[in-house]
Amino acid sequence: MKIEPSMLIKETQYWTVNHRVNSALPGYIMLSSTSKETQLYGLPHEALIEMATLMSNIERALTEILMPKYLYIGRYGHTQNLAVHFHFIPINQWVLDLFWQDQRYRQLQSFGIQAPETTTDGAELTFFIWREFCERLDPPPYQGLSRETIIDQLKIKLA
């Protein structure tokens, strides 16, 4: 996938760090292998060592910049032939508030075991973020730092 220079945060021999190109959620970061390898076990040992360091540094930097209530780190692998990559999804209180205000997502409570109305999980919030901030043509307004400011700060912290 072609990454716009304005979204690029860091490149190494084995990895690219960028803001997710189709995300209106500031701070949604991708860590992607520069190889075409689709499995972790197919990556060189050096790439795996660098991956762990980058993941830790991205987590620290996002935590310092955004102070999220939660920071999700995930690998999904649903798209065929896409290189190994990870999603870093910051969940701030304002995102949680938007989730709880949107009555469409209360339908999720009808699946599984009933939980108290004030609890949710990573699956529900990831679903919410993908649908509302990555797929909608008119995503909800964000609160806090802009995507550009976060990218600039991450470039400094990950240099």
Practice item. Filter the range 59-83 down to residues that are among the polar types (S, T, N, Q) and under 27 Å from Tyr41 (Cβ atoms) and give me whichever is surrounded by the most Cβ atoms within 10 Å (Cβ to Cβ). Key: Thr79
Revision key, fill the gap. Across (1) modelled with pLDDT of 95 or more; (2) outside any helix (DSSP H, G or I); (3) closer than 14 Å to Gln13 by Cα, Ala47 clears everything bar (2)
Study note, to complete from the structure: (1) free of Cβ contacts under 8 Å to residues at least 60 places away in the same chain; (2) touching a helix residue (DSSP H, G or I) at 6+ places or on another chain (Cβ under 6 Å) all hold for Thr38 apart from (2)
Check your understanding: Can you pull out the residues in the range 22-58 that are within 17 Å of the chain's Cα centre (by Cα), exposed (fewer than 15 other Cβ atoms within 10 Å of the Cβ) and either within 19 Å of Glu135 (Cα to Cα) or among the charged types (D, E, K, R) (or both)?
Key -> Asn22
**Study point:** Criterion: modelled with pLDDT of 95 or more and in a helix (DSSP H, G or I) - qualifying residue of Phe133, Phe88
**Key:** Phe133
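The values are calculated or read from the model by the stated rules, or taken from the named source; none is laboratory data. Not measured: the values here are computed from a predicted model. Because the Cβ atoms are built from the backbone with ideal geometry, glycine has one as well, and the counts that use them run over all protein chains shown.
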